[in-house]
Each structure stands twice: as C-alpha cells, then as structure tokens.
Amino acid sequence: MTPMPALTIEGYVIVSADGMLAGADRVMPDALKFEGDKQFFSDALDRAALIVHGRHSFEDQPNFPRRKRIIVTRTIGTIAPDPSNPKAILWNPAGAPFEAACEHAGVGGGTVAIIGGPDVFGMFMDRYDTFWLSQAPQVRLPDGEPCFPGVPARSPQQILAAHGLKAGKAQILDAAADVSVTPWRRV
Ligand SMILES: NC(=O)c1ccc[n+]([C@@H]2O[C@H](COP(=O)([O-])OP(=O)(O)OC[C@H]3O[C@@H](n4cnc5c(N)ncnc54)[C@H](OP(=O)(O)O)[C@@H]3O)[C@@H](O)[C@H]2O)c1
C-alpha cells in the first residue's frame, strides 16, 4: 500500500455540563444547538478533506452532500461504497484498517474530522492531533448519552488529558449561554 501523506485527525463535539452529547433518547437535543457552535462546526467541516462518523452522527448541514465521508458500520465486513451516497464509503474497523478506508475514499492527506458518536470518538482517542471540545455549562442532560466511553465516571476533559492531549485557550461561541470551545492538542 502506497505510504499516505500525513492525515491530520481532529475531533468535534458539543457536550452538556455533565458530558452528554445526546439525551436519554440518544438524539441531540435543541438544548445543545447554538448558532455560534453550529457556525464553528460547519466552517470546520468545510475545511476538512474527509468526515468520519457512526450511522447516527451525520451533520445536518446544507453542505452535507458535498463532503467526502466514511460511515462506520457493522453491516459490512470490511469496506464498501455507500449505495445511497456516491461521496460515502462504509467501513467496518474490525475488518480493515482506517488507512485502507481513507484510500478507498480517495483521501491522500489533509484534515479528517471525527464527528461521533461515542464509540467512534473512542476509537480515535490516541490519534487526535486536536480535539475541539465545545461545552454548554448551563445545560444538564441526566440519563443522557455520554460523549466518550468512560464518561461520566471521568469527565471528557479527564479522558482527553489521559490520552495525551492538553487544553489550549477557550474561545467563546455563545456569550449569553456561556458556550465555548477548547482545543485539546496532542502534547
Ligand atoms: N452533541 C454532539 O456534538 C453530537 C455529536 C455526534 C453525535 N451526536 C448525537 O449522538 C447520537 C449518537 O448516536 P449513536 O450512539 O447511535 O452513535 P453513532 O456512532 O452515530 O451510531 C452508532 C452506529 O454506528 C456504527 N458503529 C459505531 N461504533 C462502531 C464500531 N466500533 N464498529 C462498527 N460500527 C460501529 C454502528 O452502525 P451499524 O448499526 O450500521 O452497524 C452503530 O449502530 C446521535 O443521535 C447524534 O445526533 C451528538
């Protein structure tokens, strides 16, 4: 397999004060949707060469059809084209390495945006160059869906730190709701 130019791996999530990315119904609630964060996220995905997510974590944005993506699934053995989307590749991590899926997607370098859900975020914990953690401290989602494996026993910040990432300067995305995004960069 031809050596791949460097891929930069970046993660994106917005969580509640208690580390949840969705409610008890495993759906992202309106309480976690803020214009400032949506714009930050949409701009980031416009810059990405490739997006990676599990079956329920695609971004609901106008530019969705333009973006190359890898959908993580167990419905196939290794790698296959997505019959419903010519820009998407289906990938089963148990059957093939990530680099092979990238090659099938025709991505030879650039930024890869990992956008969830929890197991998919967990899969790349030791590969993130930067994890962009948005948090809405005024929102609580008891019985919600934890953003990473290991939450809520540990906070998202503790898990990122435990995987060799260090917090950078927070950027306010919504002052009224005190929503900010913090880049966690590999040390
Ligand atoms: N707040 C945020 O920023 C944010 C971010 C992302 C997601 N969300 C929300 O959180 C919810 C997450 O949904 P979800 O828990 O169902 O997660 P998901 O990762 O979107 O979907 C789970 C599905 O992805 C596939 N998958 C996941 N891990 C896999 C693995 N290790 N190997 C193979 N396939 C794997 C499986 O698909 P198959 O069933 O096809 O095998 C699995 O059923 C969504 O409702 C989404 O809206 C919120």
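The values are calculated or read from the model by the stated rules, or taken from the named source; none is laboratory data. Keep in mind the model is a prediction, meaning the values are calculated, not measured. Please note: Cβ atoms are built from the backbone with ideal geometry, for glycine as well, and neighbour counts cover all protein chains shown. Only protein heavy atoms, including side chains, enter the accessible area calculation; ligands, DNA and RNA are left aside. Shrake-Rupley method; radii C 1.70, N 1.55, O 1.52, S 1.80 Å.
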Legend entry - Accessible carbon and sulfur surface of the range 108-187 relative to its total accessible area, %, 1.4 Å: 53 percent
Legend entry - Cβ-placed point charges (K, R +1; D, E -1), dipole of the chain about Cα centre in debye, nearest 20: 400 debye
Inset, instruction - May I have the extent of the alpha carbons of the range 1-67 along their three principal axes, as whole Å values ordered from largest to smallest? - result: 44, 22, 20
Inset, instruction - Take the alpha carbon atoms of the range 1-77, find their center, do the same for the range 115-187, and report the distance between the two centers in whole angstrom. - result: 13 Å
Legend entry - CD proxy at 222 nm, helix term only [per DSSP H run n ≥ 4: -39500 (n - 2.57); per residue of the chain; nearest 500]: -5000 deg cm²/dmol
Inset, instruction - Could you state how much accessible area M28 has, in square angstrom rounded to the nearest 10, with a 1.4 Å probe and all protein chains kept in place? - result: 80 Å²
Inset, instruction - Have a look at the chain and give its Rg and Dmax from the Cα atoms, expressed in angstrom. - result: 16.0, 50
Legend entry - Crossing angle, helix 35-47 versus the chain [Cα axis fit, 0-90 degrees, rounded to tens]: 20 degrees
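Given a cut-off of under 8 Å on Cα pairs at least six residues apart, what relative contact order in percent is computed for the chain?
Computed over the chain, the figure is 32 percent.
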Legend entry - Prolate/oblate/rounded call for the range 134-187, Cα gyration tensor, a/c under 1.5 rounded: oblate
Inset, instruction - Please give, to one decimal in nm, the separation of the simple spin-label points placed at I172 and A100, each 7 Å out from Cα toward the Cβ. - result: 4.9 nm
Inset, instruction - Taking only protein heavy atoms into account and a 1.4 Å probe, give the accessible area per residue of the range 40-187 in Å². - result: 49 Å²
Inset, instruction - Mind ranking 165-173, 70-78 by how tightly packed they are, going by the mean number of other C-beta atoms within 10 angstrom, highest first? - result: 70-78, 165-173
